[in-house]
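The values are calculated or read from the model by the stated rules, or taken from the named source; none is laboratory data. These numbers come from a predicted model, not from an experiment. Positions of Cβ are generated from backbone atoms using ideal geometry, with glycine treated the same way; all protein chains shown enter the neighbour counts.
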Amino acid sequence: MPLIQAQNITKSYRMGDQDVPALKGLSFEIGEGAFAAFVGPSGSGKSTLLNLIFRGEHLGFVFQDFNLVPVLSAYENIEYPLLMVRGWSEAKRRERVNQMIAAVGMTEQAHKRPDQLSGGQKQRVAVARALVGEPKLVLADEPTANLDHDTAYKVLNLMKTMRDDFGTSFIFSTHDPKIMHEAEQTFTLEDGRLVQGALA
């Protein structure tokens, strides 16, 4: 069974008195343990597609601009999603957060606030936060857009390691040719249509 199975997805936005199509009949499958990418130029429908999956699944999300809470430490940012989950004791939360901090190599920075972290460190915290609730799927919208290439590769390698260690599927969007080649499964979008990777 695929983790995600999409059949003929369409999406339009209302602009004035006109409907503007954003997605035009997309069909695809993504299996468990995937490391997949939606690629294509700006305006091709990548973020729209991620947002539709986001609304339909229980999952983690990594944002392009990190979206860390400025007044919280790295530890507290990672813990934050767990505070909204019933049934997690303080001891269980502490154990899970410490596990995730260690997994992304941020133990020494655990008590630093986002403004005290580099871009790569912020994204590591964002990845840990996305994974802390043990989701089956993590979506990442242009996760390397604000990083230099060396740091971007390190973040992608971290995501692959987390996939291997925790069995979490990752789907990310990108328009960077160097980054898209890191994906093991690629879906290419142009003008709201899948031109590569679609189901026959």
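Overview of values
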item: Yes/no for Gly40 being within 21 Å of Val104 (Cα to Cα) and not assigned by TED's automatic domain parsing to the domain that holds Asn98; result: no
item: Of residues in the range 175-191 being among the aliphatic types (A, V, I, L, M) and over 14 Å from Thr48 (Cα atoms), the one surrounded by the fewest Cβ atoms within 10 Å (Cβ to Cβ); result: Met180
item: Total residues in the range 94-134, condition among the basic types (Lys, Arg), free of Cβ contacts under 8 Å to residues at least 40 places away in the same chain and surrounded by 15 or more Cβ atoms within 10 Å (Cβ to Cβ); result: 3
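Let's see how each residue does on (1) touching a Lys or Arg at 6+ places or on another chain (Cβ under 7 Å); (2) closer than 30 Å to Asn8 by Cβ; (3) surrounded by 18 or more Cβ atoms within 10 Å (Cβ to Cβ); (4) hydrophobic (A, V, I, L, M, F, W, C):
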| position | (1), (2), (3), (4) |
| --- | --- |
| Phe54 | no, yes, no, yes |
| Val62 | no, yes, yes, yes |
| Asp65 | no, no, no, no |
| Tyr75 | no, no, yes, no |
| Glu79 | yes, no, yes, no |
| Arg86 | no, no, no, no |
| Lys92 | no, no, no, no |
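A quick yes/no check of all residues on (1) more than 20 Å from Ser173 (Cα to Cα); (2) basic (Lys, Arg); (3) assigned by TED's automatic domain parsing to the domain that holds Thr168:
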| residue | (1), (2), (3) |
| --- | --- |
| Arg86 | yes, yes, no |
| Lys92 | yes, yes, no |
| Glu108 | yes, no, no |
| Gly120 | no, no, no |
